[in-house]
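S.K.: One structure, pasted below without further comment.
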Amino acid sequence: MSITVNGLAELRKLAGSDLGTSGWIEITQERINTFAGATDDHQWIHVDPERAAAGPFGAPIAHGYLTLALFIPLFTELLDVRGVATKVNYGLNKVRFPAPVKAGSRIRLAGKLAAVEDVPGDGVQITVDGTIEIEGGAKPAAVLRSLSRFYA
């Protein structure tokens, strides 16, 4: 369920809030292959199901950066910031990939709005602690700290 805020003042009030979890999305082999094509990363562990079945994970796995790229669409399910002119991804402070995402698995995002800080140019920077969970998995697919900026 998405939290909606209108403007920077309301966003500031959310600092420290748990944002909840997104819905699940399936990581299909087709999605993995499309990402491989877009990035020219065709390593067999991702795109060759037969060979990957005999590999260390027993199945093809998603690229770590595919999992990371899905942070934004998953995050938009958690927080909707309205009444701002510009929204920009500012970067990442830390990313780890504790567990592989096998083709056919489902992932979701759990997020916390760790900080909201003013930035020059009538804006704020938010820091989000995110965990991309694998359905039924003992470890997360990714743990990250993301930075975004919003300008009035």
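The values are calculated or read from the model by the stated rules, or taken from the named source; none is laboratory data. Everything numeric in this text was worked out from a predicted model, so none of it was measured. Note that we place each Cβ from the backbone using ideal geometry, even for glycine, and neighbour counts take in every protein chain shown. Heads up: the accessible areas ignore ligands, DNA and RNA and are worked out on the full protein's heavy atoms, side chains in. Shrake-Rupley method; radii C 1.70, N 1.55, O 1.52, S 1.80 Å.
S.K.: Could you pull out the trypsin sites (Lys or Arg not before Pro) across the stretch 1-75 that fall in loop regions by DSSP (anything but H, G, I, E, B) with no more than 12 other Cβ atoms inside 10 Å?
M.R.: Qualifying residues, ordered by number: Lys13.
S.K.: Determine the dipole magnitude for the chain: charges of +1 sit on the beta-carbon of Lys and Arg, -1 on that of Asp and Glu, nothing else is charged, the reference point is the Cα centre, and the result goes in debye to the nearest 20.
M.R.: Dipole of the chain, to the nearest 20 debye: 280 debye.
S.K.: Turning to a different aspect of this structure: Dividing the convex hull volume of the Cα atoms of the chain by its residue count, what figure in Å³ per residue is obtained?
M.R.: Working: hull volume 16.9 nm³, N = 152.
Hull volume over Cα atoms, normalised by residue count, gives 111 Å³.
S.K.: Ignoring ligands, DNA and RNA, what percent of the 1.4 Å accessible area of the chain is carbon and sulfur? Don't skip to the end; give the middle numbers.
M.R.: Numbers: 3970 of 7900 Å².
Here carbon and sulfur together make up 50 percent of the probe-accessible area.
S.K.: With the dipole of the chain worked out from charges on the C-beta (+1 for Lys and Arg, -1 for Asp and Glu) around the Cα centre, which of Phe35, Phe71, Ala114 lies farthest toward the positive end?
M.R.: It is Ala114.
S.K.: Same structure again: Connecting C-alpha atoms closer than 10 Å in a GNM of the chain, tell me which of Lys112, Lys94, Lys102 has the biggest fluctuation.
M.R.: Lys94
S.K.: Something else: Compute the length gained on full extension between Ala115 and Val143: take 0.36 nm times their separation in residues and subtract their Cα-Cα distance, giving the result in nm to one decimal.
M.R.: Extending this stretch completely gives an extra 8.4 nm.
S.K.: For the stretch 98-135 and the stretch 1-69, what is the separation of their Cα centres, given in Å?
M.R.: Each part's Cα centre sits 11 Å from the other's.
S.K.: With runs of 4+ DSSP H residues as the only contributors, calculate the mean residue ellipticity of the chain at 222 nm using -39,500 (n - 2.57) per run, divided by the residue total and rounded to the nearest 500.
M.R.: Details: 6 runs with 37 residues, N = 152.
Result for the chain, helices only: -5500 deg cm²/dmol.
S.K.: Counting only the backbone N, which residues of the stretch 129-152 are under 17 Å from the spot 7 Å out from the Cα of Thr86 toward its beta-carbon?
M.R.: 147-152
S.K.: Might you tell me the accessible area per residue for the chain, computed with a 1.4 Å probe and given in Å²?
M.R.: 52 Å²
S.K.: Between Trp24 and Thr76, what FRET efficiency follows from the Cβ-Cβ distance if R0 is 22 Å, with the result rounded to 0.05?
M.R.: 0.90
S.K.: Find the relative contact order for the chain and round it to a whole percent, using C-alpha pairs within less than 8 Å whose residues are 6+ positions apart.
M.R.: Rounded, it is 31 percent for the chain.
S.K.: If you line up the long axis of helix 29-39 against the longest principal axis of the chain, both from Cα atoms, how many degrees apart are they, to the nearest 10?
M.R.: Roughly 70 degrees between the two axes.
S.K.: Using +1 at the Cβ of each Lys and Arg and -1 at the Cβ of each Asp and Glu in the chain, identify which of Gly16, Val143, Ser105 lies farthest towards the dipole's positive end.
M.R.: Of Gly16, Val143, Ser105, it is Gly16.
S.K.: So what are the stretch 52-116's ellipsoid semi-axes, whole angstrom, largest first, if each one is the square root of 5 times an eigenvalue of the alpha-carbon gyration tensor?
M.R.: So the three semi-axes of the stretch 52-116 are 30, 12, 10 Å.
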